């Protein structure tokens with residue numbers, strides 16, 4: 001059981017990371033207006049959020065720039081134009097995906113870019129690619145984190161090898177990532193213990209990125225807080241792929257540090273997220289996501305089910321279970 | 001941290017209690033059709049649910065029978081008419097509220113009634129009334145449980161006195177009740193430990209009744225499972241007052257005992273709960289409920305906000321915080 005002091009007190013090492021534009025962008029192909037992005041930036045500052053992830057550095061060889069909003073590519077100039085120069089009140093982060101990012105060319109030196117944190121996302125079979133990207137970003141002067149995705153379908157012995165590799169790399173933060181929304185809190189606690197062994201051994205910080213397939217994104221995130229995880233991803237109104245993420249307003253209401261002001265998160269939800277949802281952008285918990293989460297599957301079938309406007313959950317269950 | 005075996009194995013002492021008609025009835029004034037109730041009964045049997053709570057035994061002196069559906073009063077004859085004679089496959093339960101139930105007259109002998117379990121609900125200042133109702137029900141041959149409501153606004157020293165009283169009473173099951181949806185799992189764990197002291201001392205079982213104000217009803221329920229709590233309340237699609245309850249489909253998907261078949265829960269949601277919601281009955285998580293949950297307040301202000309179709313969360317926050 002966690003100590004009461006971990007609930008009631010302030011832990012200065014905690015960092016809240018707003019991933020609305022990045023994980024939320026997967027829902028609307030990154031077509032956020034400049035006004036929305038600027039308002040999000042201002043809301044994050046008022047709410048005390050520590051980092052704002054503005055999107056991906058996606059390869060323009062691999063993705064058609066005409067089919068996505070600019071936050072999928074996050075050209076430095078675009079970010080400067082909308083958000084201005086670096087402001088110590090809110091650090092900016094960008095995600096680079098192994099195999100989907102021309103990082104040698106597109107990630108520029110930290111002191112010439114709008115970003116402070118590069119977040120490398122990788123599958124466990126791509127670890128050498130991730131290490132190369134981590135070293136590249138570190139050499140360019142960034143804080144660097146690494147997300148090993150989809151770990152609920154990886155074996156713990158393989159995860160330990162990957163954590164050893166990250167331990168020896170210059171990465172600063174290692175994220176526990178529940179891509180499929182498949183963890184229950186007790187599993188998350190055991191996973192955090194495993195990650196902590198390597199974090200302690202190598203002097204790394206830990207992070208948590210949760211998905212809400214089982215209505216457990218917030219629960220898993222606060223479980224992680226109690227387990228010593230410091231970097232906490234959240235998105236306004238839980239906006240994110242499929243069932244979405246840990247809601248920022250819930251997370252900030254839980255953290256007792258007075259720097260975090262959840263009133264400002266609620267204000268942003270009221271003024272920007274509710275209208276966005278009413279405009280037809282879809283995300284959030286529903287049974288199809290619970291099913292892929294429980295079955296530890298990629299949510300793509302559930303996303304297609306949602307897109308098709310289907311409501312025949314039982315048929316869907318049979319489909320993803322292979323019951324003919 | 002919980003043991004892996006508690007997640008992966010079967011604990012025979014667990015009982016799942018469907019509270020859809022009772023807590024859900026607070027949302028639609030108990031106007032469920034006979035067809036709905038019969039289908040729910042059948043679904044519960046197929047899903048392996050252990051108890052079905054069909055409503056309240058509310059006083060007809062206090063409540064106008066013309067203003068509520070029959071499940072608020074649960075006349076034995078009405079229950080027999082819709083659900084037939086007792087069936088060992090699914091026990092029926094009914095709730096009696098201290099001060100709102102003419103239990104001496106309306107609760108009949110167990111072997112003449114459709115019910116096996118009487119659930120006494122009380123506030124902590126009404127404990128002597130609850131004890132009297134517990135003894136009355138026990139003398140009539142029932143299994144008896146007791147919900148001490150709204151404990152998040154009670155002091156632990158008072159709760160311990162109440163638990164001591166229940167320990168010495170003939171009650172079978174003592175429920176941990178998070179009426180305001182205010183607990184986070186770590187607090188729930190500590191509360192379960194406190195309840196467990198008395199449960200062990202007096203040979204009682206424990207139960208959990210959670211609300212979803214902070215999107216934690218399911219998380220708190222499975223936390224309780226890991227803490228040795230056996231009686232687990234849930235409702236289909238989480239239907240219940242305000243933000244609702246722990247969803248049955250999530251709970252059954254979590255329990256590994258093969259007697260629990262969540263496919264049948266999903267089927268009932270698809271065929272009955274989704275149409276019910278589409279007909280205009282409102283329940284489920286929204287920010288106004290998060291706010292009353294975080295602030296540990298009764299949800300009545302949030303329910304009124306919902307009923308009025310309001311979306312001005314920031315104004316609501318100011319209202320319930322008394323910020324003029």
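Bear in mind that the values in this text are calculations on the coordinates, not laboratory data. In this text, all values refer to a predicted model and were calculated from it rather than measured experimentally. Glycine gets a Cβ as well: all are built from the backbone with ideal geometry, and neighbour counts include every protein chain shown.
Going by a ≥ b ≥ c, the root eigenvalues of the Cα gyration tensor, does the protein assembly as shown fall in the rounded group (a/c under 1.5), the prolate group (a/b larger than b/c) or the oblate group? Taking the square roots of the gyration eigenvalues as a ≥ b ≥ c, the protein assembly as shown is prolate. With R₀ set to 41 Å, the beta-carbon distance separating residue B:112 from residue B:160 gives a calculated FRET efficiency near 0.65.
Which distance in Å, rounded to a whole number, links the C-alpha centroids of segment B:202-239 and segment A:166-219? So the separation of the two Cα centres works out to 25 Å. Take residue B:38, move 7 Å from Cα toward the beta carbon, and the resulting point lies 6.3 nm from the same point in each other copy, nearest first. Counting, for every residue in B:185-192, the Cβ atoms of other protein chains within 10 Å of its Cβ and taking the mean gives 4. With its label point put 7 Å out from Cα toward Cβ, residue B:139 sits 8.6 nm from the same residue's point in the other copies, in order from shortest.
For segment A:26-69, the equivalent ellipsoid derived from the Cα gyration tensor has semi-axes of 25, 12, 7 Å, listed largest first. The distance separating the Cα centre of segment A:4-76 from that of segment B:80-142 comes to 53 Å.
Cβ crowding within 10 Å ranks A:239, B:165 as B:165, A:239, fewest other Cβ atoms first.
The mean number of Cβ atoms from other chains found within 10 Å of a Cβ in peptide B:212-220 is 5, as a whole number. Using the Cβ-Cβ distance between residue B:64 and residue A:60 with R0 set to 56 Å, the FRET efficiency from 1/(1 + (r/R0)^6) comes to roughly 0.25.
Scanning chain A for the beta carbon that comes closest to the axis linking it by rotation to B yields A:219, 2, distance in whole angstrom. As a proxy for reagent exposure, B:143, A:53 were ordered by neighbouring Cβ count within 10 angstrom, fewest first; the result is B:143, A:53.
If you wrap segment B:254-324 in the convex hull of its Cα atoms and look at it from every side, the mean projected area works out to 6.7 nm². Descending by average beta-carbon neighbour count within 10 Å, the peptides A:275-286, B:213-224, A:10-21, A:115-126 line up as B:213-224, A:115-126, A:10-21, A:275-286, the highest first. Neighbour counts of other Cβ atoms within 10 Å put A:135, A:186, B:249 in the fewest-to-most order A:135, A:186, B:249.
Inter-copy label distances for residue A:320: 3.2 nm (label point placed 7 Å from Cα along Cα→Cβ; shortest first).
Taking only the C-alpha atoms of segment A:4-278, Rg followed by Dmax gives 17.2, 51 Å.
Structural descriptor for segment B:4-278: relative contact order 20 percent, calculated from alpha carbon pairs under 8 angstrom and at least 6 residues apart. Averaged over the residues of peptide A:267-274, the number of Cβ atoms from other protein chains lying within 10 Å of each residue's Cβ is 3. Using the rule -39500 (n - 2.57) for each DSSP H run of four or more residues, divided by the residues of chain B, the 222 nm mean residue ellipticity is -12000 deg cm²/dmol.
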